[in-house]
Amino acid sequence: MSKNILVIGGGFAGFWAAMAARRVAKSAADITVVSREPRLEIRPRLYEARPDTLAVDVLPYLNKVDVNFVRGEAVGLDTTAKIVSLDDATCLTYDRLIVATGSRMCRPPVPGAAEAYSVDTQAEAMAFDRRLNELARDKKDPTLVVVGAGFTGIELSLELRDRFVAHGAAEAAERIHIVLIDRSDVVGPELGPGPRSEIERALQSARIELRLGATITALASNRVSFVDGSALSADAIVLATGMRASPFTDNVPGERDELGRIVVDAELRAPGAPDVFVAGDAAAADTGDGHRALQSCQHALQIGRVAGENAARDLLGMPAVPYSQLNYVTCLDLGRWGAIRTQGWDRRVELTGAEGKALKRKINTKLIYPPADGGAEALLASSTIDIVKRYAIDGSR
Ligand SMILES: Cc1cc2nc3c(=O)[nH]c(=O)nc-3n(C[C@H](O)[C@H](O)[C@H](O)COP(=O)(O)OP(=O)(O)OC[C@H]3O[C@@H](n4cnc5c(N)ncnc54)[C@H](O)[C@@H]3O)c2cc1C
């Protein structure tokens, strides 16, 4: 019987893990991706207009390189018997497993948080977009509240006027009251001081009201309550409150980091689970220079490739390659202000304004998508060289 490599999760990491595994294994293994839908959701763009367009059908790509697809939700894992069980009671066996189940936004533990909008998945982003459309048609002057002033909250709040324009309400777009809330005393706490002044200028120019050092205690569909007893009326509340590894990762034995990610070794193995590799937002991996990879597309694309390569190498008795990704860059969309690109873990700003925006557009519309021609050769060119080097700059967050 031929050996098989199973990949759970068809996001950025899972898709490229399957491609890399096929490149290395050639015809020596069956490769299967199991995921909820055969769709690569372009999560980094879900703050943008037209979220309904922001996914790619992966079946044609997988078919081209003879990778199977199973639609389903993985709910259980037996690492001794090497079996993954799905929600419909199907059992899938594996010789090598790659867990690439990504992450989910964590909602704050306050009443009403489950009902607030978010842009974490395509379905959630589309629900928020429908609300924006209703408000745009009302022609009133709504208050839109974004909770969480990290990467996503900053990008989303700076996009909201143009989201209204996209719904045909150009005049109302200029009158929306946008409030960005964070319990931290600064915007972009996890971005550090490097890009902060540029971000603050963009927020000021976009007339976004900041409520910093503000802890929320409850949410309703039209109201945010704060710990100091004050409250704010709102027409839509959208959360951007950080991400955590997907619940499936609980099935993998071993150490976790503070984001619930599985701490992996340099070859991206789960040390507590023989034959299991972990990729993307589910993995806490050292980038090779003492830094932990982030829950970012930039890292997921590369970790996915290395995990896929190593799963296949291991199966074929070849030595594994260590994961490393030494060049870290950030590209943050600042709406009408442009975008910034930063370099290094201290995030030194290297590009701003229109130049930054052109790069962000290239990342968002080209670099994070599977190759446009979709040819088998292009897909299998999923070498494990550092992605930032491959694109001779770029990367994303
Ligand atoms: C609004 C937003 C903006 C972002 N902006 C940026 C940015 O500018 N730059 C950047 O680098 N990153 C950005 N990110 C982060 C980036 O999207 C993630 O780091 C990236 O998607 C991680 O890829 P992944 O493959 O690990 O996980 P995901 O993309 O989350 O894919 C996981 C896949 O696994 C499937 N899955 C999960 N659990 C199961 C299960 N139990 N069974 C079957 N299938 C399952 C999911 O349905 C999904 O298809 C952003 C994210 C969001 C939400």
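The values are calculated or read from the model by the stated rules, or taken from the named source; none is laboratory data. Predicted model, so just to flag it, every value in this text is computed and none were measured. Note: ideal-geometry Cβ built from the backbone for every residue, glycine included; neighbour counts use all protein chains shown. Remember, those area values only see protein heavy atoms, side chains included, never the ligands or the DNA or RNA. Shrake-Rupley method; radii C 1.70, N 1.55, O 1.52, S 1.80 Å.
Carbon-plus-sulfur fraction of the accessible area of the chain, 1.4 Å probe, in percent? With neighbouring chains kept in place, the figure for the chain is 51 percent. The angle between the Cα long axis of helix 122-138 and the longest principal axis of the Cα atoms of the chain comes to about 20 degrees, rounded to the nearest 10.
Can you compute the FRET efficiency between Val186 and Ala218 using 1/(1 + (r/R0)^6), with r the Cβ-Cβ distance and R0 = 25 Å? Round to the nearest 0.05.
0.55
Estimated at the nearest 10 Å², the accessible area of Glu115 is 140 Å² with a 1.4 Å probe.
How long are the semi-axes of the ellipsoid equivalent to the chain, from square roots of 5 times the Cα gyration tensor eigenvalues, in whole Å, largest first?
Equivalent-ellipsoid dimensions as semi-axes: 37, 22, 20 Å.
Hey, what angle do you get for helix 196-205 against the long axis of the chain, alpha-carbon based, 0 to 90 degrees rounded to 10? For 196-205 against the chain, the angle is about 50 degrees.
Of the beta bridges in region 113-239, as assigned by DSSP with both residues counted there, near 30 percent are antiparallel.
Taking the C-alpha atoms only, the angle from helix 297-316 to the longest principal axis of the chain is near 10 degrees. So which trypsin sites (Lys or Arg not before Pro) in region 44-76 are both in a DSSP loop and have at most 12 other Cβ atoms within 10 Å of their Cβ? For trypsin sites (Lys or Arg not before Pro) across region 44-76 that sit outside H, G, I, E and B with at most 12 neighbouring Cβ atoms in 10 Å, the list is empty.
With all protein chains in place and ligands, DNA and RNA left out, the 1.4 Å accessible area ranks Ser27, Ser324, Ser118 as Ser27, Ser324, Ser118, largest first.
For the residue pairs Lys140/Lys357; Lys140/Lys362; Lys26/Lys82; Lys26/Lys362; Lys3/Lys82, alpha carbon separations beyond 24 Å are given by Lys140/Lys357; Lys140/Lys362; Lys26/Lys362.
Measuring with a 1.4 Å probe in the full set of protein chains, what accessible area per residue, in whole Å², belongs to the chain?
41 Å²
Amide H contacts of Ser103: Ser246, each under 5 Å away and 5 or more positions distant or on a separate chain (H built 1.01 Å from N in the peptide plane; Pro and chain starts excluded). Beta bridges assigned by DSSP with both partners in the chain are antiparallel in approximately 45 percent of cases. Accessible surface for Leu294 stands near 50 Å², nearest 10, in the context of the full protein assembly shown (1.4 Å probe).
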